[in-house]
Amino acid sequence: MDITDTVAPKSDQQNYDDYLTGPRTVTISGVKVIKGEQPVHIELEEFPGRPYKPNKSMRRVLVHAWGDKSAAYVGRSLTLVGNPDVSYGGKKVGGIEIAAMSHIDKPLSLALTETRGKKKSFTVQTLAAPAPRRDWLTEAAQAGGDTDNIKALWYAAQQAGEPQEVLDSIRAHAS
């Protein structure tokens, strides 16, 4: 049994600690731009209510790769990784960086500011565009009450990590 969820930090946003167990590929479901220290909130399908708030360097990567119109980001994917060497206020605090992006043709290399007056090369790899999400409920309805097909569909949805309400809705088609 996977116990990753038991070590997840309680927070209203993605944190470096979320990525101690390894990289995560996420799909963007929305982008909000607000005033303040962390002006960009990237909503993630996989983590509702816990947006990724990229630092300025990662915002520069996003704009360079995908342009400045955040509406175009919806449906695209990122692989995010934790980097323990990210600094804030001169201290290493760890941070989240973009390792790969969908919708780029080749790896992207940029010179990003490391410290005042010092740049470092940063490379983002290509990531295949996300597969369209399965419409489990339509498939269940199309099964026409065939118990074996619905069981197989339920099992596939469970293996895909679908939430309990989706599994319950599939099961309801068996009656």
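Things worth noting here:
- A single member of V7, V31, V26, V61 is farther than 20 Å from R133 by Cβ and either surrounded by 12 or more Cβ atoms within 10 Å (Cβ to Cβ) or modelled with pLDDT of 90 or more (or both), and it is V61.
- Count - residues of region 101-115 that are within 11 Å of S57 (Cα to Cα) and touching a residue at least 40 places away in the same chain (Cβ under 8 Å): 3
- Residue match in region 88-102 (condition: over 15 Å from the mean Cα position of the chain (by Cα), surrounded by 12 or more Cβ atoms within 10 Å (Cβ to Cβ) and at positive phi): yes
- Some residue of region 118-133 being assigned by TED's automatic domain parsing to the domain that holds R24, more than 25 Å from L20 (Cβ to Cβ) and over 24 Å from the mean Cα position of the chain (by Cα): yes
- Looking across region 121-142 at every residue that is among the aliphatic types (A, V, I, L, M) and crowded, with 18+ Cβ neighbours inside 10 Å, the one that is nearest to S57 (Cα to Cα) is identified as V124.
A quick yes/no check of all residues on (1) farther than 24 Å from T25 by Cβ; (2) of a type in the set (A, V, I, L, M):
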{"position": "W136", "(1), (2)": "no, no"}
{"position": "K151", "(1), (2)": "yes, no"}
{"position": "W154", "(1), (2)": "yes, no"}
{"position": "A160", "(1), (2)": "no, yes"}
{"position": "V166", "(1), (2)": "no, yes"}
{"position": "S169", "(1), (2)": "yes, no"}
{"position": "H173", "(1), (2)": "yes, no"}
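- Only one of G95, G161, G90 that is free of Cβ contacts under 8 Å to residues at least 24 places away in the same chain and under 22 Å from Y16 (Cα atoms): G90
- The residues on offer are G145, G49, and the sole one that is exposed (fewer than 13 other Cβ atoms within 10 Å of the Cβ), outside any strand (DSSP E or B), out of contact with any Ser or Thr (no Cβ under 7 Å at 6 or more places or on another chain) and not assigned by TED's automatic domain parsing to the domain that holds I34 is G145.
- Residues of region 26-70 that turn out to be in contact (Cβ under 8 Å) with a residue 60 or more places away in the chain and under 16 Å from the mean Cα position of the chain (by Cα), as a count: 2
- Checklist (1) surrounded by 16 or more Cβ atoms within 10 Å (Cβ to Cβ); (2) touching a Lys or Arg at 6+ places or on another chain (Cβ under 6 Å) applied to E43, failing item: (2)
- Region 107-129 - residue that is assigned to a loop (DSSP other than H, G, I, E, B) and within 19 Å of V26 (Cα to Cα) and, of those, modelled with the lowest pLDDT: A129
- Of all the residues in region 158-171, those that are surrounded by 11 or more Cβ atoms within 10 Å (Cβ to Cβ) and not basic (K, R) number 7.
- First in region 116-128 and free of Cβ contacts under 8 Å to residues at least 24 places away in the same chain, second anywhere and surrounded by 14 or more Cβ atoms within 10 Å (Cβ to Cβ) and hydrophobic (A, V, I, L, M, F, W, C), Cβ under 7 Å, 6 or more apart: K119/L112; K120/L112; T123/L108
The values are calculated or read from the model by the stated rules, or taken from the named source; none is laboratory data. From a predicted model like this one, the values you see are computed outputs, not experimental measurements. Reconstructed Cβ throughout: ideal geometry from the backbone, glycine too, with neighbour counts over all protein chains shown.
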